[in-house]
Structures are given as structure tokens and as C-alpha cells.
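Asks: Okay, handing you the structure first.
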Amino acid sequence: MNLYLSQVMAIIRKDFVTEFKTRELFSSMFVFAVLVMLIFIFSINLSVVKANQVGPGVLWVAILFAGTLGLNRSFTLEKENGCLQGLMLAPVDRSAIFFGKMLSNLAFLLIMEAFLLPVFMIFFNVELGSHWAPLLAVILMGTLGFSALGTLLSSLSSNLKTREIMLPILLYPLMVPIAIGSVRLTGQILDGKSLADMMNWVGLILCFDIIFISASIMTIDHILEE
Amino acid sequence: MIDSKPSPNPGHAIRVRGIRKHFGHLEALRGVDFELKKGEFLSLFGPNGAGKTTLIRILSALARPSSGTATVAGYDVMEADPEMRREIGVISHASFLYADLSPLENIRFYATMYGIENAETRAVEVIDEVGLKPRMHDRVRTFSRGMLQRLSIARAIVHNPSILFLDEPYTGLDQHASEILKDQLQALHTDQRTILMTTHDFSRGLEMCDRVAVMVRGKLALWESAEQVDPAGFERLYLETVEREGKN
């Protein structure tokens, strides 16, 4: 178990060191997310529409679109110079590769979201007040499912020539339940409701998080083979 | 050539029986049989598409055979036992190295993956062995092909494997880099490692090996001990073998 954990940690550390040196992933994800928000801001008349009604949708669309950039890069990096083969040669459980990549994707997304949230609050003139904690919990739950499914599909699409196109085509339809749940929860939190009033949506997101992680563990062996 | 059933016999480093591999309708391997004793060096020649890389992928448990059996270091390749993975190292024309990391970061990463304690110390040790210690903090992206190949050796031996698979290691190297690589392979062979090398370079392939094989269209068409092969006449023998087997 110790070896398993150290292998997972080594993959995360390797991804962080690579990102620290190249600064490719975070900057492109963040700039893209801000641009998505700007486009929406210019196309929505906030004096007519309430920010709490459209803001959550815009926030999650920005997260999903920008996150897809990072997920696309995730396994492409492993394919350069045949690095994934090098990993597969080592006595490492395939699920450790999945968890390492998933957790580093999750961390990158959460860091990007930590910078994006203040931008969102400024653009939509949103006051979070005492709703910080439930909003962060929703973002964490939504991003967990997104990174789990995204990592799995990224490993699948990385073998394809059209991977940049295939990942969103595969990812977005499957993300619908988590995306809808996250948008609804974010909206209700901004309206001042407590998480206890929204347990159905919380349950739905958690269920899909578990389904995506379990399905990934069950299938990653076959996806990474040949 | 082969006269006994496969078993996890520690006397044989590699034992291959009737290995076949299909990719759809294409038959990449059409029944390969051979044995390699511990410490032996096999040079495997063959034209492009003969199945050499496929054979190495199967023996290193990166691909599954369609039929047949193979044991490597006594382990069935179909089971891809983690212990078997600890016994093998692979050097290919792809370096398996992260271009934006330094040699130290790359080799330390692989050392951790193999569960080596003091991964950093071991990484420095093998980087020093291949003569890249002065550049161990530079990005791998800035390395020449020859330096990459030397670093690939460090990656492949970081866990001290007893068996090495070398898939066309001389590809893209200039004369000087080839000479350095040859010296390092010589040192690895002297350490009693079993080595299976595929190559198109006759002189490099013949100068170190104990056994010579030629693979044509997914089958071993020639299997000789190195002493029985005349290096001067090998090119003709190779071409005749390829032509003969190509017609079958």
C-alpha cells in the first residue's frame, strides 16, 4: 500500500514539476475561462436578468470548457516520447496511474477555480457573504466528478488522432448530470439557501462522482492496454 | 530448436513457445519459438515490419500474444507479474523520458515507480554511470539524440534488471554516439545481463552477441550461435534468408 501511495504521489509531483516549469496548463485554462466569462458578460444584460440566475451557468460553462483544455493535455503529455509505455513497464497498478493523473487534474482545476471565483464575483457583482463554505463544497464535488470522468476519457482519446475533438464530444454528454446539479446548487447557494435544503442535488452529484471513479477503476486496465 | 515445455525454469531467462500475434487480419507473429539462457546476448535482425518490436512488446508485457506462451525470468508474460516487471528493462527508439523534466527528475520518478528506496541516490548513481551527471539538472528537451539514448539506458537499468530488451537502440545516432552506446551495452553485458537487441546495423549487432537470429514475416528464419556466423558474409546470408522466407 505504501508503494501504491508513493507511486500516486510521484505521478502528481511529476505533473506539478512539469507544470511549474512550463506554465502551459494553468495559464491557458485560466485565460480561456476568463474569456468565456467575458463573452457571456457582453452578451447578457445584467440589468434585465438577475446575476444569480445566469451566473452559475456561466461559471460552470467556463470551468468545463477551460478544464477540457487541461484534460486534453493530461494524457497527451504521457504519450510524448512514449512515456506512458515507460510507466506501463514499471510494476505499477494501472489504477495508481489513474489516481495520480486524476488527482493532479483535480488539483490544477481547483487552483484555476480559486483564481476564477473572484473574477466571477467581480463580473457578476456577486456577494458570497457567509456562503463560501457550501459553494466551495459544491465546486469540489462537481470538479471531482469532472476530473474523474475527464481523466478516464482523456486516456481513451489520447490514442486517437482527433483527440482534441473526441474528448469534449465524449465528455460533455456524460457530464450533464453533474453539470446540471452543480449549476442548480450554485444558484441556490447564491440565493441564500443552505445545503440541507438541496440534498437531492448533493446526492445526485455524489452518486455520479462515485459512479465515474468506480467505472474508471474498473476500465482503466483495458483502456491503457495496447 | 526447442525441446521442452515452458516452465519457470530459472536456467532460462527467456523462453518463447509458439507465440502468435494478430492485428485484425494481419498476422504480425506467426509462431515464434526460442530460448535464451541467463547472460546470453541475442541480436535479432529483420526487415521493417518483420515483427521484432511486437515480439519485444509481448516479452515486456506491453502487449498480449494472440496465442502461445512466453516466460521471462521465469514469469509468464500473460500474467504481467510485478516481479517480472522488476526483472526487465526496455530501451527503445522512444526514450520514455519527460522532455520538460531534468534527467534527475526523470530517473528519480522511475526509481520511485519501481519502489526503490533512496530513489534520488540511485538516480544520481545511474546518471553518473552513463556520464550525464554534469547535465543532470538540465531539461531533457535540450539533449541530443545520443544523450537521450544514454539517459534511456539509465532509466532502463535504474532498478537493476536482469534482462534488457533493446529495440533498435542505434537508430538516429551518429558514429560517436553509437560508439559510446556500444561501450555502455558492452558494460551491461559484462554484468551478466541477458540482452535481446533488435537492430538493422549488422556490425553493431554482431560484435557483442552470443546468438544471432533473423526474423522475417513474423517467424524466426535463422537462428545461429555467433561463432557460426561469419561477419563478412552475414549481409549476404541475411539477404538470402529474407528473400527466401519472403517468398514463403
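The values are calculated or read from the model by the stated rules, or taken from the named source; none is laboratory data. Computed from a prediction, not measured in an experiment: that's the story for all the values here. For neighbour counting, all protein chains shown are included, and Cβ atoms are generated from backbone atoms with ideal geometry for every residue, glycine included. Surface accessibility is based on the protein's heavy atoms, side chains included, excluding ligands, DNA and RNA. Shrake-Rupley method; radii C 1.70, N 1.55, O 1.52, S 1.80 Å.
Asks: Restricted to region A:64-98, and to residues that are outside any loop (DSSP other than H, G, I, E, B), over 25 Å from residue A:21 (Cβ atoms) and touching a residue at least 40 places away in the same chain (Cβ under 8 Å), which residue is farthest from the other protein chains (Cβ to nearest Cβ)?
Replies: So in region A:64-98, the residues outside any loop (DSSP other than H, G, I, E, B) come out as A:64-89, A:94-98.
Going one step further and asking which of them are over 25 Å from residue A:21 (Cβ atoms), we end up with A:64-65, A:94-95.
Filter once more, so that each one left must be touching a residue at least 40 places away in the same chain (Cβ under 8 Å): A:64, A:94-95.
On the way: A:64: 27, A:94: 10, A:95: 13 Å.
Top of the filtered list is A:64.
Asks: Within region B:220-248, work out how many residues are closer than 19 Å to residue B:55 by Cβ, surrounded by fewer than 19 Cβ atoms within 10 Å (Cβ to Cβ) and charged (D, E, K, R).
Replies: Residues that pass the stated criteria total 1.
Asks: Does residue B:78 satisfy the condition of being among the aliphatic types (A, V, I, L, M) and open to solvent by less than 20 Å² (accessible area, probe 1.4 Å)?
Replies: On the way: among the aliphatic types (A, V, I, L, M): yes; open to solvent by less than 20 Å² (accessible area, probe 1.4 Å): no.
So residue B:78 fails the test.
Asks: State whether one or more residues within region B:195-213 are touching a residue at least 24 places away in the same chain (Cβ under 8 Å), touching a Lys or Arg at 6+ places or on another chain (Cβ under 8 Å) and surrounded by 21 or more Cβ atoms within 10 Å (Cβ to Cβ). Steps first, please.
Replies: Taking region B:195-213 as the starting set, the residues that turn out to be touching a residue at least 24 places away in the same chain (Cβ under 8 Å) are B:195-213.
If we keep only those that are touching a Lys or Arg at 6+ places or on another chain (Cβ under 8 Å) as well, we get B:198, B:204, B:207-208.
When the remaining residues are screened for being surrounded by 21 or more Cβ atoms within 10 Å (Cβ to Cβ), the result is B:198.
Within region B:195-213, one or more residues are touching a residue at least 24 places away in the same chain (Cβ under 8 Å), touching a Lys or Arg at 6+ places or on another chain (Cβ under 8 Å) and surrounded by 21 or more Cβ atoms within 10 Å (Cβ to Cβ).
Asks: Can I ask one more? Can you pull out the residues in region B:65-86 that are in contact (Cβ under 8 Å) with a residue 24 or more places away in the chain and at the interface with chain A (Cβ under 10 Å from one of its Cβ atoms)?
Replies: Result: B:85, B:86.
Asks: Are any residues in region B:133-165 part of a helix (DSSP H, G or I) and in contact with a strand residue (DSSP E or B) (Cβ under 7 Å, 6 or more places away or on another chain), and if so, which ones? Spell out the reasoning first.
Replies: Start the filter on region B:133-165 by keeping residues that are part of a helix (DSSP H, G or I), which leaves B:133-135, B:140-142, B:145-157.
Listed by number, the residues that qualify are B:152, B:153, B:156, B:157.
Asks: If residue B:100 satisfies all but one of (1) open to solvent by less than 30 Å² (accessible area, probe 1.4 Å); (2) part of a helix (DSSP H, G or I), what's the number of the condition it fails?
Replies: Evaluating residue B:100 over (1) open to solvent by less than 30 Å² (accessible area, probe 1.4 Å); (2) part of a helix (DSSP H, G or I) leaves (2) as the failure.
Asks: Here's a follow-up. Please go through region A:69-106 and pick out each residue that is within 21 Å of residue A:34 (Cβ to Cβ), surrounded by fewer than 24 Cβ atoms within 10 Å (Cβ to Cβ) and at pLDDT 95 or above.
Replies: Answer for region A:69-106, where residues must be within 21 Å of residue A:34 (Cβ to Cβ), surrounded by fewer than 24 Cβ atoms within 10 Å (Cβ to Cβ) and at pLDDT 95 or above: just A:106.
Asks: Among the numbered criteria (1) surrounded by 19 or more Cβ atoms within 10 Å (Cβ to Cβ); (2) under 23 Å from residue B:210 (Cα atoms), which single criterion is violated by residue B:38?
Replies: All conditions are met except number (1).
A quick yes/no check of all residues on (1) closer than 25 Å to residue A:160 by Cα; (2) in contact with a helix residue (DSSP H, G or I) (Cβ under 8 Å, 6 or more places away or on another chain); (3) charged (D, E, K, R); (4) free of Cβ contacts under 8 Å to residues at least 60 places away in the same chain:
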site	(1), (2), (3), (4)
A:189	no, yes, no, yes
A:192	no, no, no, no
A:201	no, yes, no, yes
A:205	no, yes, no, no
A:209	no, yes, yes, no
A:223	yes, yes, no, no
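Asks: Which condition number does residue B:50 fail, the rest of (1) small (Gly, Ala, Ser); (2) facing another protein chain (nearest Cβ under 8 Å); (3) under 18 Å from the mean Cα position of the chain (by Cα) being met?
Replies: Here residue B:50 meets the rest and fails (2).
Asks: When you go through A:48, A:61 one by one, which is the residue that is surrounded by fewer than 18 Cβ atoms within 10 Å (Cβ to Cβ) and free of Cβ contacts under 8 Å to residues at least 12 places away in the same chain?
Replies: On the way: A:61 fails: free of Cβ contacts under 8 Å to residues at least 12 places away in the same chain.
When all the criteria are applied, what remains is A:48.
Asks: Still on this structure, I have one more. How many of the residues making up region B:187-197 are hydroxyl-bearing (Ser, Thr, Tyr) and either more than 19 Å from residue B:73 (Cβ to Cβ) or modelled with pLDDT under 90 (or both)?
Replies: Selection size over region B:187-197: 1.
Asks: Just give me the residues in region B:62-75 being open to solvent by less than 10 Å² (accessible area, probe 1.4 Å) and in contact with a Pro (Cβ under 9 Å, 6 or more places away or on another chain), in sequence order.
Replies: Result: B:70, single match.
Asks: Let me ask something else about it. Report yes if some residue within region B:141-149 is touching a helix residue (DSSP H, G or I) at 6+ places or on another chain (Cβ under 8 Å), modelled with pLDDT of 95 or more and open to solvent by 20 Å² or more (accessible area, probe 1.4 Å); otherwise report no.
Replies: Within region B:141-149, none of the residues are touching a helix residue (DSSP H, G or I) at 6+ places or on another chain (Cβ under 8 Å), modelled with pLDDT of 95 or more and open to solvent by 20 Å² or more (accessible area, probe 1.4 Å).
Asks: Moving on. Quick one: is residue B:177 aliphatic (A, V, I, L, M), more than 22 Å from residue B:108 (Cα to Cα) and open to solvent by 10 Å² or more (accessible area, probe 1.4 Å)?
Replies: Values: aliphatic (A, V, I, L, M): yes; more than 22 Å from residue B:108 (Cα to Cα): yes; open to solvent by 10 Å² or more (accessible area, probe 1.4 Å): yes.
Criteria met by residue B:177.
Asks: Take residues that are exposed (fewer than 13 other Cβ atoms within 10 Å of the Cβ) and tell me which of the helices (runs of 4 or more DSSP H) falling wholly in region A:122-226 contain 3 or more.
Replies: On the way: elements: A:132-157, A:163-190, A:199-224.
Of the helices (runs of 4 or more DSSP H) lying wholly inside region A:122-226, those with at least 3 residues that are exposed (fewer than 13 other Cβ atoms within 10 Å of the Cβ) span A:163-190, A:199-224.
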